[in-house]
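Engineer: Encoded as structure tokens, here's the structure I'll be asking about.
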Amino acid sequence: MAKKPGSTPQAMKNRAAKTAAAIAPASALAQAAPKKKTSPGQFFREVRAEARKITWTTRKETWITSVMVGIMVVLAAAFFSLVDFILTNGMAALLKLANAG
């Protein structure tokens, strides 16, 4: 079986060295710059600024969504009740046939 090009140990070492060299500057930069501490006042200002970006749903949107969820729950319950009824009666009929024979 022929070896694939670049699968020699030396080629693998060269690729590993190139990868390490590409990663090293990024990790060295991340370690060199320590995180700046945020004061409690600055933290709360940033939290308030982010909270202002939140868009809340209206009462109407909340009501419509709640009604749709309720309808889907009722439909799912009806579907699974029907499937359960069919399977239960089907199994009962099969067992009666098996016992009769």
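The values are calculated or read from the model by the stated rules, or taken from the named source; none is laboratory data. Just so we're clear, the structure is a prediction, and the values are computed from it rather than from any experiment. All Cβ positions, even for glycine, are placed from backbone atoms using ideal geometry, and neighbour counts span all protein chains on display. Areas reflect the complete protein model, heavy atoms only, side chains present, ligands, DNA and RNA absent. Shrake-Rupley method; radii C 1.70, N 1.55, O 1.52, S 1.80 Å.
Engineer: Hey, Thr55 hits all of (1) surrounded by 10 or more Cβ atoms within 10 Å (Cβ to Cβ); (2) modelled with pLDDT of 90 or more but one; which does it fall short on?
Structural biologist: Evaluating Thr55 over (1) surrounded by 10 or more Cβ atoms within 10 Å (Cβ to Cβ); (2) modelled with pLDDT of 90 or more leaves (1) as the failure.
Engineer: Given the structure, is Lys60 loosely packed, with under 10 Cβ neighbours inside 10 Å and in a helix (DSSP H, G or I)?
Structural biologist: Spelling it out, Lys60 is indeed loosely packed, with under 10 Cβ neighbours inside 10 Å and in a helix (DSSP H, G or I).
Engineer: Among the residues of the range 1-33, count how many are open to solvent by 90 Å² or more (accessible area, probe 1.4 Å) and either in contact with a helix residue (DSSP H, G or I) (Cβ under 8 Å, 6 or more places away or on another chain) or at pLDDT below 70 (or both).
Structural biologist: Looking only at that region, the number is 7.
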